[in-house]
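Following: one structure in structure tokens, then a few remarks.
The values are calculated or read from the model by the stated rules, or taken from the named source; none is laboratory data. Values in this document were obtained by computation on a predicted structure and should not be read as measured data. Here the Cβ is made from the backbone with ideal geometry for all residues, glycine too, and neighbour counts use every protein chain on show. Side chains are part of the model used for accessible areas, which takes the heavy atoms of the whole protein and leaves out ligands, DNA and RNA. Shrake-Rupley method; radii C 1.70, N 1.55, O 1.52, S 1.80 Å.
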Amino acid sequence: MITGPQLRAARALLGIDQRELARLAGLSPQTVQRMEACPGSVRAVVDSLEKVVTALAEAGVEMIAEGTPSHGTGRGVRLIERRQAVRDER
């Protein structure tokens, strides 16, 4: 599943704003804004989510689902889940 924070990070990697991502995906800026506002998995019409993921892929960002390997060869980032012990130390 794709998350709102993951979409924001993907946009940041590309250096584009919500309006530009919406243009690339053929969606309204409000749709992208609603997707990115989801704290967890994006809740959206499947077609709209596919358009966003495709637009990001065509722009050069690979969306990596939790627990799956990256098949890309470029630079990138991945958010790792911290162990509870690390969280408790803070």
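Given L79, L56, L13, L27, which one is aliphatic (A, V, I, L, M) and out of contact with any helix residue (DSSP H, G or I) (no Cβ under 8 Å at 6 or more places or on another chain)?
L13
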Condition check for V52: out of contact with any Cys (no Cβ under 9 Å at 6 or more places or on another chain), within 21 Å of G74 (Cα to Cα) and modelled with pLDDT of 95 or more:
yes
Please work out which one of (1) loosely packed, with under 13 Cβ neighbours inside 10 Å; (2) at pLDDT 80 or above is the condition V86 fails and give its number.
(2)
When region 44-79 is examined, which residues are found to be open to solvent by 60 Å² or more (accessible area, probe 1.4 Å), under 20 Å from L27 (Cα atoms) and not small (G, A, S)?
V45, V46, D47, E50, K51, T54, E58, E62
Restricting to region 26-43, name every residue that is open to solvent by less than 80 Å² (accessible area, probe 1.4 Å) and within 13 Å of the chain's Cα centre (by Cα).
V32, M35, E36, A37, C38, G40, S41, V42
